[in-house]
Structures are given as C-alpha cells and as structure tokens.
1. Please find, in a Gaussian network model of chain A (springs between Cα atoms separated by less than 10 Å), the residue of A:53, A:214, A:120 whose mean-square fluctuation is greatest.
2. Between segment A:92-166 and segment B:295-343, what is the separation of their alpha carbon centroids in Å?
3. Can you give the mean number of other chain Cβ atoms that lie within 10 Å of the Cβ atoms in peptide B:79-87?
4. Between A:192, A:78, A:14, where does the largest GNM mean-square fluctuation fall for chain A, given springs only between Cα atoms within less than 10 Å?
5. Looking at the protein assembly as shown only, what percent of DSSP beta bridges run antiparallel? Nearest 5 please.
6. Counting only C-alpha contacts under 8 Å and six or more residues apart, can you give the relative contact order of chain B as a whole percent?
7. Please compute the average number of Cβ atoms from other chains found within 10 Å of each residue's Cβ in peptide B:92-99.
8. Going by C-beta contacts inside 10 Å, put A:60, A:97, B:260, A:37 in order with the fewest on the left.
C-alpha cells in the first residue's frame, strides 16, 4: 500500500516542475511591436554578453583549472575555495563586492572615471558581473576533467621531447575536452540567467532577466511572461547541446 | 660511453628515503618488493620527480636538473600510458623521429592505423616499447612492463623483448618484482630493498653470491642461517645451531658473526654407506623429512634437523631412486663450494 503511494512521488515532482511552464505559456498573449523590439534587444544583450563571458572563462578559467588540477601545494586549495566561492554566494553579494571596486567610489571605478569612462551601466559591466558569477562553473568542470587525465600521459609526452605547452595542447586539453565543453555550456546558461550581480553592477543595458524584472514591476505577470519563456527556451537549447556534444565527445573520444 | 651513473641520489619523503648509487650499462633488472622505491628511482631518472641531492649523469651529461623533454630517456610505463585519443602511428610519431624501422623491428607495422582501444594487452606493450624507442633515447626505462599481460604469455614476451632490446643496444633499466623475469631478461641485476640498491652485479653473481641476507632472501636462497666463524685457514669453519659447517669462501676471520646460505638445489641427499666426497666432508646433517612437494620434475623436501629447517630440491629420478617417498630419516649434505657466506649486518 505504502509502496503504491511512493510510486507516485516522482511524478508529483515532475508535475510541480512542469505545470508552471505550461501555465506561463497559457498566459502568453500577443506582444506589441514595441515590446517585441525591447525583448529582442534584451535577448541580444544577454546572448552577446554571455558569449563574451564564456570566451573569457575559457581563456582564463581553463588554464586556472589546469593549474589547480596539477598543483600540489596547499595554496592551491585556498585559491580553489576562493575561486569557487561565487557558486555558493548569493549573486547579489557578489554584485556588491564588484560594486566596491567598479563603482565610481571604488578603486578601479574611480580610476576609470578619471579617464572619462564609466564602468557601471555598460555592456562591459554586464560581462564583468556575469564572469564573476558564471566563470567558476568552467573552472570547476575543467578542473575535474583535467584531474581525470592520467598524469603519466603528460610524462610520456614530455619524455618524447614535448615541452609543457605542447603537452597541454596535444594531450591534456584534448583528453579533458568533454568536461571543458560541459563547463563552458554551464557558464553560458548561468551567464544568460544572471540577475543578482548584474542588477547591482549593470542595471543597463538591460539583459533578459533584468528586462523580465522591470516588465514585471511595470505590468505584472502577463507583461513579464514572454521574457521568462525566452529564457526557458535558451536553457532548453543549451541542455540539448550539452547532451549532444557530451554524447559526441564520448563516442569519438578516440578519433580526436 | 653509453651509460647511466647515479651518484648518491637521495630523495627523502620523511617516512621513506630513497638513496641510490650505481652505474647502469647493458640490460639491468632492478628487482625488489613493491614499495622498495623502484618506480620512484625511475621517476627521478626521468625527471618527473625532483631529487634532493646527488647527480644523474647520462652519457657524460649531468641531467640532474634537466626537464624531462631534454633528458633523452625512453620510458615504458606499467600501464603503457599510450595516448588514447591517437592512433598507433600518431603515438609513435608524436615526438618526431622515424617510426618505420622501429615499427618493423617491434613487429607492429600492421597495427599502425589502429586506435589504442583496439589493441590487446600484448600489442599495447609493443606499441609502448616502440614509442619509447622512436625518439632514439640514450637509455630505456621499463616499469614492470609485464604486469598487464597474461601470465602464460609472459615468458615468451620477456624473451622477445630481450632480443629487441639487444638489437637497439642502448642501456636498459627493467624494473620488476619477479625474480624469474629479472633472470630471464637481464645481464645484470640490482636488488632494491627499502629505497637502497643492496647489490648491483652480473645476474649469476647476484644469484650465486648474494651480498647480504636480504638479497639472499629475495633471490630465493631459502636456506639462510646465522653463525660464527671458528677458523679461517683456506676454508671457513663456521659454528651454527646444527654444529659446524665448512665453506670455501674467503674474506672472514675467526670470531666474525656471519650469515651463510645454500640454495635448495645444492642441498644433497647423502646415501647411506657411500664414501663422502671431499666437498661434503664434515657438512653432513641428520634430519627428518616433514614435507614433500611435487613442483613438477622436482620434489621440494622440507627437512627438519635438530633445530633448523632445510629445504632441498631433488630431481624426480633421484627422488625415486633414493626412495624418498617412503623414508623418514635422511642425511643431507652441503657442498663446501656452495655454502655462501655473507657478513651479518
């Protein structure tokens, strides 16, 4: 008897998670041309900034992940904890930390102001906020991937005359590819959905989540639903990409 | 001058300390129990691990502080460490160098376009060997290369590897914990225990004349006893728990505490009523057979003397001729030229 009830438990969660999305779709009514323009603009800002954030995360985060994976000193342990901390920190707090240096009152913000450049409320600030929140996902995933690469393969490469850089590019990187790509996709979705830190640092130009928030304040649920649905769709696409690349990378791990 | 010299190379891990010296030329097996520091030594030679002090000189070059890529060392890893994302050919040509001759000698030319996960254990081993040789290293290091191949194949593979290595003519260090493998492949054997090479010499020498008790134990001498030298004029007269024993070895004086050993295959069964040969005179003991083990073509007899246990290895025909299967009491003899004497630590 108890088991019969228990059998339904998973479905209840599924229904709970799916129902709001269906309900939101049902609230979707025709969007005015002006709103469509604003929505497209926010979507463009979000995707473009998330893309830049992802590239920055790859450029800096992958080498950092490698360093953390191969390092043996205790310092690495501390560095790792600090680097990963934005994942467990509410993004609002991360945003506040960022403001403390990038706002006109902060050290770097002040310097930039002096040379006639306002950091906050720019596309650049959006990227700064997203990078702070989303790049740790790349570091975490890539680090785990590098740890899965047998260090003996790197030794073998070195003994065959390859230096550290060639070894990294020819052996470590290709073998960690799957985890790195997964991490970058995570970073991308997290950046697209970033609200808290962006809200603090770059209320403008409006990204999708900020647009969602402001349209909700202005016109309630109906007004905000289109932005929420676009965010949901981007998430679904990235999830499908993740599965596809994951399978592909897993299936062709040997053919490079 | 194609050889490797380790000069007082030390690596202190706190709980474990590696301290090795020695000259390596030809085909040397480093034989030792697991945890004795064999792989650590290879890792230091290859430059994966930094040593605390001492010098590593390869072909006259002091490579102590060179990065691995500058050392000109070939390495075959225990699990081969082939690049899983490349083909056999890509693995071989990774470091540049001409792979065709090597592939032919190692007989893997038919495998060149295979992927690594399409190879059997034995094939992987050959590819790993070929890969290590392609870049024409000054020395080749092999870390337990047989541990991942089928036991039944091992002997054949060791013999084949021996002939391949001979063909390339570079010094080789072959790490193993198997005495059999070491004797099969190597001209020289270094016995490593507790981070030190206790003896490094020609294989027969290490086998017949171990430097100390630990080497004797590891080389399978089995019958190892303590004693005190009573007299040392021409031959040694040693007092031990079964009386006295005579040995033709030299280099000890009376009063020296020693360890002596005799391999099971050199323990004789002395026939009743037959005159003793010169070599057995005074080295005969009465005992009781406590165990008979058929080891295939040979019988291992465990004989209890008054206090000590002696293991003897007797060929089948002698075993049956002497009717050892039905006898209990037996006289055993140690040939004087086979009683090897070592200093007690």
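1. Of A:53, A:214, A:120, the Gaussian network model singles out A:214 as fluctuating most.
2. After rounding, the separation between the Cα centres reads 74 Å.
3. On the way: counts 2, 2, 9, 2, 10, 9, 11, 6, 3.
Across B:79-87, the average partner-chain Cβ count within 10 Å equals 6.
4. Comparing A:192, A:78, A:14 in a Gaussian network model of chain A, the most mobile one is A:14.
5. Numbers: 63 of 80 bridges.
Counting only bridges with both partners in the protein assembly as shown, antiparallel ones make up about 80 percent.
6. Values: 720 pairs, mean separation 54.5, N = 345.
Normalised by residue count, the contact order of chain B is 16 percent.
7. Values: counts 1, 1, 8, 8, 3, 2, 0, 0.
Counting other chains' Cβ atoms within 10 Å and averaging over B:92-99 gives 3.
8. Numbers: A:60 14, A:97 17, B:260 25, A:37 11.
The fewest-first ordering by Cβ neighbours comes to A:37, A:60, A:97, B:260.
Throughout, read-outs are computed from the coordinates displayed, never taken from laboratory work. None of these values were measured; they are calculated from a predicted model. Quick reminder, even Gly has a Cβ in these numbers, built from the backbone with ideal geometry, and neighbours come from all protein chains shown.
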